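Take a look at the structure set out below.
Taken together, the values in this text are just the output of simple stated rules run on the coordinates, not laboratory data. Because the structure is a prediction, the values reported are computed rather than measured. Neighbour counts are summed over all protein chains in view; Cβ atoms, including those assigned to glycine, are modelled from backbone coordinates with ideal geometry.
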Amino acid sequence: MITPPAAGASVPPPSPAFRAMAPRAHHFRGSLGRFATGVAIVTFDGVNKRHGITVNSFTSVSMDPPLVLVSIAKATKAHDELSERPFTVNILGAEQQALAIHFAGKPGQEPLWVEGQVAPRLSSVLAFFECSPWAAYPGGDHTLYLGEVVDFNYRNGDALAFANGRFTTIPDSQLGVENLL
């Protein structure tokens, strides 16, 4: 998760197992950081405003029905508002690092929004998955939100990635997997 903790957020105390591991916690985080991930922004309409949360914990779950999963830190300001709401997972292109930073807590220029079928999305992203809520599961200091995909699309281009604590690029391949099916 790239999103920093929200100021004043209520975060449960670390578990005894984590406290025992405290001297190694930095090394654990660094070890996880060796796994390169794409960068996405989860967008949704909250009670009073539109939200976006930068994430790198996103995965497909099922083709039938089409399900995806995002992992959202409980310390994230908008965490509680996402429950039971439609959302969009916006996969960022390599040129969209400013968007990732904007929704990770360092606001910049206001992004361009697109009204989706069930949830708002961001303009010109590399891919998007609009989702209806399917399920939510506790996952330690995160919640695992599953969504049933109701609309999706993609464009060609390099992907924004995150590895070793910094942004990088995953080049667009010559052929996507869809050409192999």
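The figures follow:
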item	result
Residues of the range 87-108 that turn out to be over 23 Å from residue 170 (Cβ atoms) and surrounded by 20 or more Cβ atoms within 10 Å (Cβ to Cβ), as a count	1
Qualifying positions in the range 47-62 - under 24 Å from residue 97 (Cβ atoms), in a strand (DSSP E or B) and not aromatic (Phe, Trp, Tyr)	50, 51, 52, 53, 54, 55, 59, 60
